[in-house]
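A short reminder: the numbers here are calculations on the coordinates, not readings from a lab. Treat the numbers as computed from the prediction; the structure is a model and nothing was measured. Cβ placement follows ideal geometry from the backbone for every residue including glycine, while neighbour counts extend to all protein chains displayed.
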Amino acid sequence: MNNNKIYSLSTYHKYWIDKENEIQNPNFDDFSRQILALKGKDPEAIEYFFEILNEEFPEKIAICAVPSSTPGKTDTGITNLAKKLTSEKNRIDRVNFLIRTQEIPKLAYGGNRDQTVHYQSIDTEKEISVKGMTIFLLDDVTTTGNSLIVCKEKLLRRGAATVIMVALGQTDDYGVDYNYESVNLLEILESTIIFMIWLISFIWGMIKKILSNDVILFVILIVLWHILFDW
């Protein structure tokens with residue numbers, strides 16, 4: 001069974017197909033532009049993704065971010081977003097629990113994507129605990145999934161109960177071997193809403209079959225009475 005399931009919001013299209021020859025990607029869209037802006041710590045982009053994720057992330061979970069490829073660089077777009085998410089719904093701040101111990105070439109510029117590179121260059125904060133926590137592990141963009149997968153294993157080894165991997169965008173780099181199952185988070189949310197609407201309609205239909213209109217009206221009036229006067 002594949003436990004390497006990564007949830008994403010949409011596809012991230014790179015700006016350049018060939019940067020050296022200045023050939024732009026015709027698929028580059030507004031969503032991809034928002035991710036680039038977030039990488040640059042743009043406040044509006046951070047707010048854009050915060051509004052999406054804050055509604056859907058549960059309360060009282062811990063949030064952790066995949067560390068930058070540069071050691072000591074903790075003030076990034078994704079960490080700013082993660083910090084903002086921990087300010088709501090009694091969430092636990094473990095944003096910088098994972099640390100980069102040695103610099104690796106940026107993956108966006110062709111750096112080695114092998115899991116071994118991440119295993120050797122990522123560690124955890126020894127004085128901070130994640131034992132028993134449900135953690136949402138956040139990254140801005142994923143391609144192979146290797147950095148998220150390694151970070152997840154590091155968290156589990158430190159005692160985390162569950163780790164949910166979430167990337168804002170998944171690249172359209174179809175020549176790469178993927179090591180995970182990709183799941184579109186927004187499609188899940190949309191299907192959940194549709195199911196809830198169907199369920200409410202079904203229950204309401206059953207109630208109407210069982211009870212007469214007079215009884216239903218009486219029950220509604222009783223409920224309204226309690227709402228209006230018990231408050």
Which of 64, 151 has the fewest Cβ neighbours within 10 Å, and the rest in rising order: 151, 64
Going fewest to most other Cβ atoms within 10 Å around each Cβ, 126, 84, 152 line up as 126, 84, 152
What residue among 146, 134, 86 has its Cα farthest toward the positive end of the dipole of the stretch 56-161, where the charges are +1 on Lys, Arg and -1 on Asp, Glu, each on the Cβ? 134
Can you flag which of 39/152; 14/126; 106/152 are past 27 Å Cα-Cα? 14/126
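Reported to two decimal places, what Rg/Rh ratio describes the stretch 1-151 when computed on Cα atoms with Rh from the Kirkwood expression? Write out the running numbers ahead of the final one.
Details: Rg = 15.8 Å, Rh = 16.5 Å.
My calculation puts Rg/Rh at 0.96.
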Which of 50, 136 has the fewest Cβ neighbours within 10 Å, and the rest in rising order: 50, 136
Students often forget the sequence filter, so: which lysines lie under 17 Å Cα-Cα from residue 60 once same-chain residues fewer than 8 apart are removed? 83, 84, 89, 131
Which residue, chosen from 63, 31, 52, occupies the Cα position most advanced towards the positive end of the dipole of the stretch 26-70, where the dipole is computed from +1 (Lys, Arg) and -1 (Asp, Glu) charges on Cβ about the Cα centre? 63
